[in-house]
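All remarks here apply to the structure that follows.
Read-outs throughout are calculated quantities, based only on the coordinates presented, and are distinct from any laboratory measurement. All figures in this text were calculated on a predicted structure; none of them were measured in a lab. With ideal geometry, Cβ positions are generated from the backbone for all residues, glycine too; neighbour counts draw on all protein chains shown.
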Amino acid sequence: MSALISVDGLVKEFRKVKPHEGRLGSLRTLFTRRYEVNRAVDGVSFAIDEGELVGYLGPNGAGKSTTIKMMTGIVMPTGGTVRISGLDPWRERPCNAAQMGVVFGQRTQLWWDLPLRESFRLVGAIYGVSPADYRESLERFVDLLDLGEFIDRPVRQLSLGQRMRGDIAAAMLHRPRVVYLDEPTIGLDVVAKDRMRTFVEETSRAGETTIVLTTHDLADVERLCPRVILIDHGRVLYDGDVQGLKATYATHRELVVHLAPDESTGRTPAVRAADVLGAEIVSQEQGVARIRFEASRIAVQHLIASVNQNYPVRDLSIVEPDLEGVVRRIYSEGLTP
Amino acid sequence: MTASAPGLRRIVVARMKTAMTYRQNVLLLQVIVILNIFILSRLWTTLFEGRDTVAGMTLHTFLLYITVVNLQSWVFTDLTVNEYTYQRVRTGEVVFDLMRPIGFVPQMLAHMAGSHLFMVLSVVVALPVVLVVGTLGAPASPAALALYAPSLVFGYVISVLLAVLTSMVAFWTVETSGFTMLYRLINQFFAGTMLPVSLFPEPLRILAGLLPFQSTGYIPATIYVGRTEGDAALRALAVQGLWILILALATTAVWHRARRRVAVQGG
Ligand SMILES: Nc1ncnc2c1ncn2[C@@H]1O[C@H](COP(=O)(O)OP(=O)(O)OP(=O)(O)O)[C@@H](O)[C@H]1O
Ligand SMILES: [Mg+2]
């Protein structure tokens, strides 16, 4: 069985007019154009199976949105291929479009001046949803996303969170097979984010909807995505599960030691470099020492034993690497495990 | 195409409802058109002083022409959809139009149909006032009416195609408002809304003959008042038909190129 979505060597170049510098530069730019080519997507390949929920991650300007615009058939690829259940989204746009739903969190597909309900009607009509299905879907969304209170208000009067919920519903009302969510949690408060996550989780659970999710909030990813694709400068850096990402890139852990004051002197001792088996003491303040060690080189139990032996320990804890730390490191230092 | 009919119909309805929420805007447009007809009627009445006919028309026919051509132009040169397309492209919201299973051009046509239907309603509402400030009357003859109907439809189709074409400028440049204003001025002048094309000085008249605009205003309006009749009217209809063909081909070609250019700002 071949994958539902297959992206192969995908490239998108943007050509920008490069202005001439110096005197009469702008005049020269008008007549002799020099172009500057920017490869926003530079040979991206991946395959996604039916029912998967994949986090498509990368720093600002990595090429995420551009990839999604090509997968949705909005933008023509410069090179490479995209196939969504065998269809070329650019050439067979209407067929592909009929089975997809899209949220671009920074914009809205809702009809600004009209009540929210009107936008849903429009989606229902455009995708040929039968009246019975429409009613059922709408009821479900009103329920799950709590739209009841503002469904009859003009969209321009909605808060960002309300609007985003409306957008999600509009993107999924016709039960698309593939859903692209480009930053669906941007600007939402904690409660609204949580609601959104629950909704995406619920939708994915049935296994009938394939979801590609782009976000800068890694809590979304930890909660929702079994698999992530990480890109930067238009290239895939990592494709696999979140655990694997951590294991590959988060090679260091931290031992946090709370020291007890010395019984005789009443002073809290400091951990010396000699007693940590070559690990790095990151900080030492008010009786709390943070020791960073490479898990593959230093065994935790040895480190703990050594500390226990030499100091009065009140409490010990190991801080596992979080995704945010891992991703921050990859974004800033590049791909060297 | 048939599968997209319900969607397109829904766009028409939504567009009309949107126009409804901007009633004041429509009211203002009504005032502008009524003033326009009023000023032109006064002006031409004064200019007729001491003459029986101008450009082969009696004063009454002339004023009827001015009123009819301006009422048509009121609906035909509606820029709502140009403005809408421009905003969609500028903000990148056009992604949502481009991701629909319905083509972008049919969607634009539906937007226009909705906007124009509302305009027609507002024309009907304003007719009593137009009757006072301008000149309203029946077509010159049953034959004139029979020719006017297809000519008006052709003129409408040409206007719509021109609007689609000019809207697409937004895909090439984000600075379209100056262009749109200039276009509207040229369109209205060469359509003959200020004076009939037959009164243009020679070079302008030749130019008008080479442009599609007189097909949207001057031709149907002169058929209505009986100034263009018989063979001349049939020839005029043929010219309109030719323009539809040319503009339809141009629209297809331009859209084909525009689609490849779509980069979508921001994201
Ligand atoms: N319409 C455009 N014209 C020119 N360059 C563009 C255009 N759209 C995007 N780019 C460039 O392509 C690159 C990738 O942009 P893209 O929007 O795909 O990034 P992204 O991964 O979605 O980033 P973010 O997380 O900030 O949304 C950027 O360098 C951007 O400047
Ligand atoms: Mg983006």
If you place +1 on the Cβ of every Lys and Arg and -1 on the Cβ of every Asp and Glu, how big does the dipole about the Cα centre of chain A come out, in debye to the nearest 20? 1520 debye
Taking a ≥ b ≥ c as the square roots of the Cα gyration tensor eigenvalues, with a/c under 1.5 meaning rounded and otherwise prolate when a/b beats b/c, else oblate, which class fits segment B:1-72? oblate
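Need one value for A:69-77: mean number of C-beta atoms belonging to other chains within 10 Å of its residues' C-beta atoms.
What the average comes to for A:69-77 is 4.
What per residue convex hull volume, in Å³, do the alpha-carbon atoms of the protein assembly as shown yield?
233 Å³
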I want the local charge near B:Tyr218. Using Cβ-Cβ distances under 12 Å, sum +1 for each Lys or Arg and -1 for each Asp or Glu among the other residues. +2
Net charge dipole size for the protein assembly as shown [Lys, Arg +1 and Asp, Glu -1 on Cβ; Debye, nearest 20]: 1860 debye
Which helices pass in chain B if a helix is a full DSSP H run, must span at least 18 angstrom along its long axis by Cα, and must have mean Kyte-Doolittle hydropathy not below 0.5? B:23-48, B:59-76, B:104-133, B:142-167, B:177-190, B:230-261
How many Cβ atoms of partner chains, on average, are near each residue of A:121-127 if near means within 10 Å of its Cβ? 6
Please list, in chain and number order, the residues 5+ apart from A:Thr78 or on another chain whose amide H is under 5 Å from its amide H, with Hs placed from the backbone. A:Val11, A:Lys12, A:Glu13
Apply the Karplus curve 6.51 cos²θ - 1.76 cosθ + 1.60, θ = phi - 60°, to the phi angles in segment A:270-285 and return the couplings in whole Hz, x for Gly and Pro. 10, 6, 9, 4, 5, 9, 10, 6, x, 6, 9, 8, 6, 7, 8, 9
Using the Karplus curve 6.51 cos²θ - 1.76 cosθ + 1.60 with θ = phi - 60°, work out ³J(HN,Hα) for each residue of segment A:126-138 in order, rounded to whole Hz, and write x for Gly and Pro. 5, 9, x, 6, 5, x, 5, 4, 4, 4, 5, 4, 4
Where does chain B land at 222 nm, in deg cm²/dmol rounded to the nearest 500, when only DSSP H runs of n ≥ 4 count, each adding -39500 (n - 2.57), divided by all residues? -25000 deg cm²/dmol
First measure r as the distance between the Cβ atoms of A:Lys16 and B:Leu211, then evaluate 1/(1 + (r/R0)^6) with R0 = 60 Å and state the FRET efficiency to the nearest 0.05. 0.95
What are the extents of the Cα atoms of segment A:196-317 along their three principal axes, in Å, largest first? 66, 29, 24
Compactness ratio of segment B:201-259: Cα Rg over 2.2 N^0.38 Å, N = residue count? 1.35
Rounded to the nearest 0.05, what FRET efficiency do A:Leu316 and A:Val190 give with R0 = 22 Å and r taken as the Cβ-Cβ distance? Could you check? 0.10
Residues meeting the amide H criterion for A:Leu237 (H placed from the backbone, H to H distance under 5 Å, 5 or more places apart or on another chain) are A:Leu230, A:Ile231, A:Asp232
Helix axis angle, A:160-172 relative to chain A longest principal axis, alpha carbon, degrees: 60 degrees
Distant-in-sequence amide H partners of A:Val313 (H built 1.01 Å from N, under 5 Å): A:Ala260
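Using only the alpha carbon atoms of segment A:1-93, find the Kirkwood hydrodynamic radius as the inverse mean reciprocal pair distance, in angstroms to one decimal.
15.1 Å
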How big is D for segment B:1-130, in µm² s⁻¹ as a whole number, if Stokes-Einstein is applied with the Kirkwood radius of its Cα pairs at 4 °C and 1.567 mPa s? 76 µm²/s
Which is the longest run of chain A containing none of the GluC sites (Glu not before Pro) found in DSSP loop states (not H, G, I, E, B) with at most 10 other C-beta atoms within 10 Å? A:22-148
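Averaging over every viewing direction, what projected area does the convex hull of the Cα atoms of chain B cover, in nm²?
Orientation-averaged projected area of the Cα hull: 15.3 nm².
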Rounded to the nearest 0.05, FRET efficiency between A:Asp143 and B:Gln24 (Cβ-Cβ, R0 56 Å) equals 0.90
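Hey, what number do you get for chain A at 222 nm if only DSSP H runs of n ≥ 4 count, each worth -39500 (n - 2.57), divided across all residues, to the nearest 500?
My calculation for chain A gives -10000 deg cm²/dmol from helical runs alone.
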At q = 0.08, 0.11, 0.13, 0.16 Å⁻¹, what is the log10 ratio I(q)/I(0) for chain A, with the Debye formula run over Cα points and no solvent? -0.54, -0.84, -1.00, -1.27
Would you give the gap between the C-alpha center of segment A:279-336 and the C-alpha center of segment A:85-160, rounded to a whole Å? 48 Å
Protection proxy ranking of B:235-248, A:62-75, A:170-183, B:173-186 - average other beta-carbon atoms within 10 Å, highest first: A:62-75, A:170-183, B:235-248, B:173-186
Listed residues B:Ile102, B:Ile11, B:Ile219, most fluctuating in chain B (Gaussian network, C-alpha, under 10 Å): B:Ile102
Helix A:300-310 against the longest principal axis of chain A: what's the angle in degrees, Cα atoms only, rounded to the nearest 10? 40 degrees
With angles folded into 0 to 90 degrees, how steeply does helix A:190-205 sit against the dominant principal axis of chain A? Use alpha carbons for both and round to 10. 70 degrees
Hydrodynamic radius by Kirkwood, which averages 1/r over all alpha carbon pairs of segment A:251-320, in angstrom: 12.1 Å
Obtain the nm distance between the two label points defined at B:Ala238 and B:Val262 by a simple spin-label model: each point lies 7 Å from its Cα along the Cα-to-C-beta direction. 4.0 nm
In order through segment A:214-220: 3J(HN,Hα) via Karplus (6.51 cos²θ - 1.76 cosθ + 1.60), integer Hz, x for Gly, Pro: 10, 7, 9, 9, 6, 5, 4
Against the globular-protein guess of 2.2 N^0.38 Å, express the Cα radius of gyration of segment B:138-267 as a ratio, rounded to two decimals. 1.20
